[in-house]
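One structure is given here, and the rest of the page talks about it.
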Amino acid sequence: MAKKFIFLGICASLSILAFMVLGARGNWGFILTFRGTKLVALVIVAIAVAVATIVFQTLTSNRILTPSIMGFDALYILLQTTLVFLLGGLGYVSLHPEMKFALELLLLSSAALLLFGSLLGQGLQDLFRMLLVGVVFGVLFRSLTSLLQRIIDPNEFAVLQGSLFASFNRVDTSLLIIAVPLVLACCALVWRKRHILDVMALGRDQAINLGINYRRELLVGLTLVTALVATSTALVGPATFFGLLVSAISYEVVKSHHHGPVFIVAGLIAITVLVGGQAVFERILGMSATLSIVIEFLGGLVFLFLILRKVRA
C-alpha cells in the first residue's frame, strides 16, 4: 500500500508542477500567484467531490450512487436559470460573487437538509425513500428549468449557458476565503469519523450492534456530504460523474473497506485527474477541448460498467 501512496503522490505532484510551470513566460511572481490561487481552487474542488462521494456511497451502501442523485445538479441549474429569468443577463453577471456563492450554498444546503430532516427515520428504508424523492425532485427541477429556458430571451440564454456545465477554467478565486475553511473543516470531521464509517459500511444492524448511534452518524455524515457537494458545485458548477470516476478507481486501487487509505488515494487521484487534466487542456491543447466533457464521458462509461457488472453478478 505504501508503494501505491508514493506512486499516486508523485503523480499528483507532477500534475501540480505541470500546471504551475508549463507555458509560463514573463513575471514569475505574477504567474505563481495567479496559477497558485487557481490551483488551490482546483485542489479544494477535487478533494471535496472525492470525499463527499465516498462518504455518500458508504452511507447508502451502494458504490454506484453519487450525491448528484439527490438533485443537486438539477437544483443548481434551476437556480442559475431563475436568476437570469428574474434579473436578466446584465443583472446576473452584475451579481456580487460572494453574495451569489453564499446564496447557492445556502439554497443547496437547506434543500438537502430539509430532505434529510423530513424523510430520515429509524430504518434504512427511509434512506432509500430519500434517494427516490431526490430523483423525483431532480426530474421536477429539470422540467422547471426547461420551462424557464424556453421563456428566456435568446441573448440572455447565451449568458446562462456558461453556467449549465462544470467549468474548471473559470473558478472565481475570490470565493476561496469561504470555500477553503469550509471544505477543510468538513474533511477534518470526516477523517475523525473514518473508523465509524468503517463500521457503518457493515450495515445498519451490524453498526447498531457494535454500539454506533446509527441515526445520528447518518445525519452527520449526510450533512457533511451536503456541505462538500454544495461548495464544489457553487465553485465550478455541476460535475455529475467526476466523483463516481474517482471513487471507482480508488476502490480498485485500495481493495479495502477501510476508509483511511481510500480517502487518501481518492484525494490523490482526484487531484491528478483534475489538476493534471486542466494542465493538459490549458497548456498543451490550448483550450481546444473542455476537461469537464471528457470527465463526464469517462465517468458515464464507468457508471455503465458498474451497472452491467452488478447485473451480471
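The values are calculated or read from the model by the stated rules, or taken from the named source; none is laboratory data. Fair warning: this is a prediction, and the values are worked out from it, not measured in the lab. As a convention, Cβ positions derive from the backbone with ideal geometry for all residues, glycine included, and neighbour counts pool all protein chains shown.
A few remarks follow.
- Positions within the range 238-266 being surrounded by 23 or more Cβ atoms within 10 Å (Cβ to Cβ) and under 15 Å from the mean Cα position of the chain (by Cα), in sequence order: Ala239, Phe242, Gly243, Leu244, Leu245, Val246, Ser247, Ala266
- Taken over the range 177-193, the criterion of being touching a Phe, Trp or Tyr at 6+ places or on another chain (Cβ under 9 Å), modelled with pLDDT of 90 or more and either aliphatic (A, V, I, L, M) or surrounded by fewer than 17 Cβ atoms within 10 Å (Cβ to Cβ) (or both) is satisfied by Val190, Trp191.
- Checked against the criterion of being over 12 Å from the mean Cα position of the chain (by Cα), modelled with pLDDT of 80 or more and not in a loop (DSSP other than H, G, I, E, B), the range 279-288 contains one or more residues that satisfy it.
- Verdict on Ala266 being assigned to a helix (DSSP H, G or I), within 23 Å of Ala46 (Cβ to Cβ) and without any contact (Cβ under 8 Å) to a residue 24 or more places away in the chain: no
- Matching residues in the range 1-43 - criterion: being exposed (fewer than 13 other Cβ atoms within 10 Å of the Cβ) and β-branched (Val, Ile, Thr): Ile6, Ile10, Thr33
- Of the helices (runs of 4 or more DSSP H) entirely within the range 174-253, those holding at least 1 residues that are in contact (Cβ under 8 Å) with a residue 24 or more places away in the chain and within 30 Å of Met99 (Cβ to Cβ) occupy 176-192, 214-236.
- Pair list, Cβ < 6 Å and 6+ apart or interchain, from the range 92-117 residues that are over 16 Å from Ile77 (Cα atoms) and of a type in the set (Asp, Glu) to residues that are modelled with pLDDT of 75 or more and outside any loop (DSSP other than H, G, I, E, B): none
- Between Arg63, Arg35, the distinction of being in contact (Cβ under 8 Å) with a residue 12 or more places away in the chain, more than 24 Å from Leu301 (Cα to Cα) and of a type outside the set (S, T, N, Q) belongs to Arg35 only.
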